[in-house]
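Read the structure below first, then the notes.
No lab work stands behind these numbers, since they all come straight from the coordinates. For clarity, every value in this text was computed on a predicted model and none was experimentally measured. Because the Cβ atoms are built from the backbone with ideal geometry, glycine has one as well, and the counts that use them run over all protein chains shown.
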Amino acid sequence: MRIILFFIILLIVKSAHAELLKPSPNLEPQEIISIQLKALKDNNNPYKNSGIEQTWEFAHPSNRKFTGPLLKFKKMMYSPSYKIMLDHLKHNIILVSEQENVSYFFIELTDKMGNEYGFQWTVEKVIINGKFNECWMTSGVSRPLLLAKST
């Protein structure tokens with residue numbers, strides 16, 4: 001009986017911490033943002049702050065220097081400027097400019113209270129040798145701009 005209970009608990013814990021998607025040279029800039037925003041939209045599924053952790057996976061090495069380590073990044077995501085991304089209702093990704101190693105997007109996001117915000121989102125290709133070489137990763141996200149207040 002204890003062995004069966006042990007395996008049930010093991011399966012629950014293992015599925016609760018499902019594998020996060022990792023940067024890959026095969027992913028395009030808009031896909032990176034989509035992965036991050038979908039994760040933040042359902043931040044606590046399959047476990048608490050999994051959306052923030054998924055977003056961190058795609059933070060550009062230059063961005064990680066200022067926003068990391070992960071614990072610091074989690075605190076930043078709960079700050080007034082960024083917590084509106086957590087468990088938001090919907091988002092729209094708009095390409096603004098695309099260059100060889102950098103792409104700029106405007107993100108329209110509706111928070112869980114129905115307020116609409118805009119963000120500038122920058123994705124850059126990593127061009128230094130290492131595990132992220134040739135991967136598109138988020139190098140910057142602006143503070144939100146309130147577009148419309150819910151009624």
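Less than 5 angstrom separates the built amide H of N43 from those of D87, all sequence-distant by 5 or more or on a different chain.
Around the amide H of V102, modelled in the peptide plane, lie the amide H atoms of K125, all under 5 Å away and 5 or more residues distant in sequence or on another chain. Ranked by the mean number of other Cβ atoms within 10 Å per residue, highest first, peptides 36-47, 114-125 order as 114-125, 36-47. In this simple spin-label model, placing a label point 7 Å from the Cα along the Cα-to-Cβ direction at both L21 and F66 gives a separation of 2.5 nm. Our helix-only sum for the chain, with -39,500 (n - 2.57) per DSSP H run of n ≥ 4 divided by its residues, gives a mean residue ellipticity at 222 nm of -10000 deg cm²/dmol. Taking the longest Cα principal axis of the chain as reference, the axis of helix 2-16 is set at about 0 degrees. Helix 29-41 and the long axis of the chain differ in direction by around 50°, with both axes built from C-alpha atoms. Phi angles of segment 94-109 translate, via the Karplus equation with coefficients 6.51, -1.76, 1.60 and θ = phi - 60°, into HN-Hα couplings of 10, 6, 9, 7, 10, 10, 4, 10, 8, 10, 10, 10, 10, 10, 9, 9 Hz per residue; Gly and Pro are given as x. Across segment 71-88, the residues whose backbone nitrogen lies under 20 Å from the label position 7 Å along the beta-carbon direction of L146 are 78-88. Computed from the alpha carbon positions, the gyration tensor of the chain leads to an equivalent ellipsoid with semi-axes of 28, 22, 13 Å, biggest first. Note that segment 49-56 has calculated 3J(HN,Hα) couplings of 6, 5, x, 5, 4, 5, 4, 4 Hz, one per residue in order, obtained from phi through the Karplus relation 6.51 cos²θ - 1.76 cosθ + 1.60 (θ = phi - 60°); glycine and proline are x. Look at the alpha carbon pairs under 8 Å that are at least 6 residues apart: their mean separation over the length of the chain gives a relative contact order of 22 percent. Checking the a/c ratio against 1.5 first, then a/b against b/c, what shape does the Cα gyration tensor give for segment 101-151? Here segment 101-151 falls in the prolate category.
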